[in-house]
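These notes concern the structure reproduced below.
The values are calculated or read from the model by the stated rules, or taken from the named source; none is laboratory data. Treat the numbers as computed from the prediction; the structure is a model and nothing was measured. Here the Cβ positions follow ideal geometry from the backbone for every residue, glycine too, while neighbour counts run over all protein chains shown. Note: accessible area is taken over every heavy atom of the protein model, side chains too, but ligands, DNA and RNA are not part of it. Shrake-Rupley method; radii C 1.70, N 1.55, O 1.52, S 1.80 Å.
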Amino acid sequence: MQVTNTILMIRPVGFRKNEQTAVNNYFQEDLDIKNAEINAKAQEEFDAFVNALQAKGVNVVVVNDTKQPDTPDSIFPNNWISFHSNGTVGLYPMFAENRRNERREDILDILEEKGFNIDHTIDYTSAEEEKLYLEGTGSILLDRVNKKAYCALSVRADEDLFIEFCEDFEYTPVVFTANQTVDGKRLPIYHTNVMMCLAEDFSVICLDTIDDKKERKNVVKHLKEDGKEVIAITEKQMHSFAGNMLQVLGKDNKRYLVMSSAAYNSLTKAQISVIEKTSEIIHSSLETIETCGGGSARCMMAEVFLPKTN
């Protein structure tokens, strides 16, 4: 199964621009308002987004963040945890020290209380001691049906760790480097999921970021041989978070593609019509979260594929 009806989301209590992630997340910007106001706006956007998902029958498990420890990026849980249909949970090493505090045992308890079955955990977090990182489904895009994993290498996506993940979870690795222009230089994009989205029948991808022609051809080859229509977006669209989308299941197993309003407004009519062949679009304004957090709709949703206890 490539898509799930259940999404874990963390409601922020201390959201702001995280100075520790801004060093290599070039999507983050400053807002000239106080942190308390930033968090209040982020909460408003978060609640409206959850309501939009629930209105379409998506099962959203909302967990409130805690005031302590300080976790300005807790709104993006997909970077520290992943859930798999065989009952396995993956825990991931994080680049920013203050993001490591986002990992919470009690979240697993909450899911188990809701009837989800967790058999065992594969924990990669000890790699942090060696300054090696792999930030969950931010770094890794999973084609769960064809058992392929796509990864754009960066400080937050170590190749050896990625290969280890693929061996553990039995995925074929598809490795490449994706760059963006920062002050005239081509620098690695911090997470794969801002330049690429993988749905059942299509992939939204900023191919222009893959500077190496061989790597670009290889990525397209894998997508096409698995029957996915390639929807190419521009770097400008990527900066509106048009790569940061997630396909989910709503009521009656209907397919939806979830994105921010900024992402939606950046798309062309032709791109929208390809998406709408198989998925209705859900979009919501995430302006504060995108500006300060440098992440968007996809980053806010951790997909739950765990089996239910009978």
At what distance in angstrom do the alpha carbon centres of the range 89-116 and the range 126-163 lie from each other?
17 Å
Diffing the range 62-74: the Karplus 3J(HN,Hα) column from phi (6.51, -1.76, 1.60, θ = phi - 60°), in whole Hz with x for Gly and Pro, holds 9, 10, 7, 6, 9, 5, 10, x, 6, 10, x, 9, 4
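Assuming a ≥ b ≥ c are the square roots of the Cα gyration tensor eigenvalues, decide whether the range 203-277 counts as rounded (a/c under 1.5), prolate (otherwise, with a/b larger than b/c) or oblate. Walk me through the numbers on the way to the answer.
On the way: a/c = 2.26, a/b = 1.33, b/c = 1.70.
It comes out oblate by the Cα gyration axes.
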Need one number: nm distance between label points at T172 and K214, each 7 Å from Cα along Cα→Cβ, rounded to one decimal.
1.9 nm
According to the Cα gyration tensor, what semi-axes, each the square root of 5 times an eigenvalue, does the equivalent ellipsoid of the range 70-146 have, listed from largest to smallest in whole Å?
21, 16, 12
So if each residue of separation counts as 0.36 nm, and I subtract the Cα-Cα distance between I281 and K269, what length gain in nm does that give?
3.0 nm
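So which GluC sites (Glu not before Pro) in the range 159-262 end up in coil per DSSP with only 13 or fewer other C-beta atoms within 10 Å? Don't skip to the end; give the middle numbers.
Numbers: sites: E159, E164, E167, E170, E200, E215, E225, E229, E235; in loops: E170, E200.
Sparse-neighbourhood loop GluC sites (Glu not before Pro): E170.
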Förster-model FRET efficiency, 35 Å R0, T181 and I122, C-beta, rounded to 0.05
0.45
Sparsely packed trypsin sites (Lys or Arg not before Pro) within the range 37-83, loop by DSSP, other Cβ within 10 Å at most 11:
K67
Please give the per residue accessible area of the chain, computed with a probe of 1.4 Å over protein heavy atoms only, in Å².
41 Å²
Along the charge dipole of the chain, which of G90, G294, Y264 sits closest to the positive end, that is, farthest toward it, with unit charges on the beta carbon of Lys, Arg, Asp and Glu (+1, +1, -1, -1)?
Y264
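Helix-derived [θ] at 222 nm for the chain: sum -39500 (n - 2.57) over DSSP H runs of at least 4, divide by residue count, nearest 500? Could you put the intermediate results ahead of the total?
Values: 9 runs with 83 residues, N = 310.
The helix contribution divided over the chain gives -7500 deg cm²/dmol.
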With a ≥ b ≥ c the root eigenvalues of the C-alpha gyration tensor of the range 153-310, is it rounded (a/c under 1.5), prolate (a/b larger than b/c) or oblate?
rounded
Report in % the part of the accessible area of the range 173-269 that belongs to carbon and sulfur, leaving out ligands and nucleic acids; probe 1.4 Å.
49 percent
Filtering trypsin sites (Lys or Arg not before Pro) in the range 208-267 by DSSP loop and by at most 15 other Cβ atoms within 10 Å leaves K254
Option label - percent of Cα pairs over 25 Å apart computed here, alternatives [x] 44; [y] 57; [z] 51
[x]
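Could you please report the charge total around K56, scoring K, R as +1 and D, E as -1 over all other residues with beta-carbon less than 11 angstrom from its beta-carbon?
On the way: positive: K251, K254, R255; negative: D252, E280.
Within the 11 Å Cβ shell, the charges total +1.
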Using a Cα-Cα cut-off of under 20 Å, which lysines could be cross-linked to K251, ignoring same-chain neighbours fewer than 8 residues away?
K56, K114, K277, K308
What nm value, rounded to one decimal, do you get for the distance between E44 and Q68 when each label is placed 7 Å out toward the C-beta?
3.1 nm
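If Lys and Arg each add +1 and Asp and Glu each add -1, what is the summed charge of the other residues whose beta carbon sits under 14 Å from the beta carbon of P77? All intermediate terms of the calculation are to be shown ahead of the outcome.
Values: positive: R11, R99, R100, R103, R104, R298; negative: D65, D73, E102, E105, D106, E135, E303.
For residues surrounding P77, the net value is -1.
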Counting only protein heavy atoms, what percent of the accessible surface of the range 126-167 is carbon or sulfur at a 1.4 Å probe?
46 percent
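Starting from the Cα gyration tensor of the range 260-310, take the square roots of the eigenvalues, sort them a ≥ b ≥ c, and report rounded, prolate or oblate (rounded when a/c is under 1.5, otherwise prolate if a/b is larger than b/c, else oblate).
Details: a/c = 3.51, a/b = 1.24, b/c = 2.82.
Taking the square roots of the gyration eigenvalues as a ≥ b ≥ c, the range 260-310 is oblate.
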Mind checking the dipole of the chain: about its Cα centre, +1 per Lys or Arg Cβ, -1 per Asp or Glu Cβ, Debye to the nearest 20?
1040 debye
Set the Förster distance to 35 Å, then compute FRET efficiency between L91 and K236 from the Cβ-Cβ distance, nearest 0.05.
0.50
Pick from D160, D183, D143: which residue has the top mean-square fluctuation in a GNM of the chain where Cα pairs under 10 Å get a spring?
D183
Gained length - D109 relative to K254, 0.36 nm times residue gap less alpha-carbon distance:
49.3 nm
E130 versus E200: modelled label distance in nm, points set 7 Å from Cα along the beta carbon direction:
3.9 nm
Here the range 51-60 yields Karplus 3J(HN,Hα) values (6.51, -1.76, 1.60; θ = phi - 60°; whole Hz; Gly and Pro given as x) of 4, 5, 5, 5, 4, 9, x, 7, 7, 9
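State the dimensionless ratio Rg/Rh of the range 77-122 (Rg: radius of gyration of Cα atoms; Rh: Kirkwood radius). Write down the numbers at each step before the final one.
On the way: Rg = 11.0 Å, Rh = 11.2 Å.
Result for the range 77-122 is an Rg/Rh of 0.98.
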